[in-house]
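Read through the structure below, which is laid out as structure tokens, and then see the notes.
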Amino acid sequence: MSRPARALLPLLLLPLLLTGCATDQSGGTAADSTDLDAAARVWGVAPELVYVTEVSGYTVFQQSVGEYNDEFSAAYRTDKGATAFGLFVRRGTLTAPSCTEQPLGEVSDREVTCEQDGDAWYRTAGDSHEYAVPADGVVIHLIADVDKVDRAILRKAAEAAHRPDAAELAALLPTTDGADV
């Protein structure tokens, strides 16, 4: 079997496994670890990095889901299709002393300012801002351009960040017909 065909096979089979095997009977609990492990392998990330969020008026852009710079990433867009904010999850911690020292996304040449907001950090650098949420040995970053997404939306996204349930995990995976969900 050719290398591209071998790479495509798990993508084609995983949605069948997720929908054909044990369905989520618990009404929204975390996805089965076997399903999560399989999905994480498809994306090339560690299962503990896979998180999702929910904000009214925004949906995940399925084709954006995967590995980026050793992190899990997913772009969320408005119902009209414009990319609005990114969700990035990486291993590590974020504390008061380290908050300003860690770059904010791709903005490495600007000073980072930090403000603690509950269990999260609101951070700004240049034209970007984010909420960073430390959780279980990872940091969940919700990042956007200041002029495209306001702070309240990012805060809602940060508050709603969680491990995916079976339905959310299936929605992140590519469809077999190539359509974007």
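The figures follow:
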read-out: Of residues in region 63-109 being modelled with pLDDT under 90 and touching a Ser or Thr at 6+ places or on another chain (Cβ under 9 Å), the one farthest from Gly44 (Cα to Cα); value: Asp79
read-out: Count of region 122-158 residues which are outside any strand (DSSP E or B) and without any contact (Cβ under 8 Å) to a residue 40 or more places away in the chain; value: 8
read-out: Matching option when the condition is in contact with a helix residue (DSSP H, G or I) (Cβ under 9 Å, 6 or more places away or on another chain) and among the charged types (D, E, K, R), among Asp37, Asp109; value: Asp37
read-out: Filtered residue count, region 50-81, keeping only those that are of a type in the set (Ser, Thr, Tyr) and under 19 Å from Val133 (Cα atoms); value: 5
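Condition check ((1) touching a Phe, Trp or Tyr at 6+ places or on another chain (Cβ under 7 Å); (2) of a type outside the set (Asp, Glu); (3) surrounded by 15 or more Cβ atoms within 10 Å (Cβ to Cβ); (4) assigned to a strand (DSSP E or B)) across all residues:
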| site | (1), (2), (3), (4) |
| --- | --- |
| Val42 | no, yes, yes, no |
| Glu48 | no, no, yes, no |
| Thr59 | yes, yes, yes, yes |
| Ser64 | no, yes, yes, yes |
| Ser73 | yes, yes, yes, yes |
| Tyr76 | yes, yes, yes, yes |
| Gly81 | no, yes, no, no |
| Phe85 | yes, yes, yes, yes |
| Val89 | yes, yes, yes, yes |
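The values are calculated or read from the model by the stated rules, or taken from the named source; none is laboratory data. Computed from a predicted structure; not experimentally measured. Quick reminder, even Gly has a Cβ in these numbers, built from the backbone with ideal geometry, and neighbours come from all protein chains shown.
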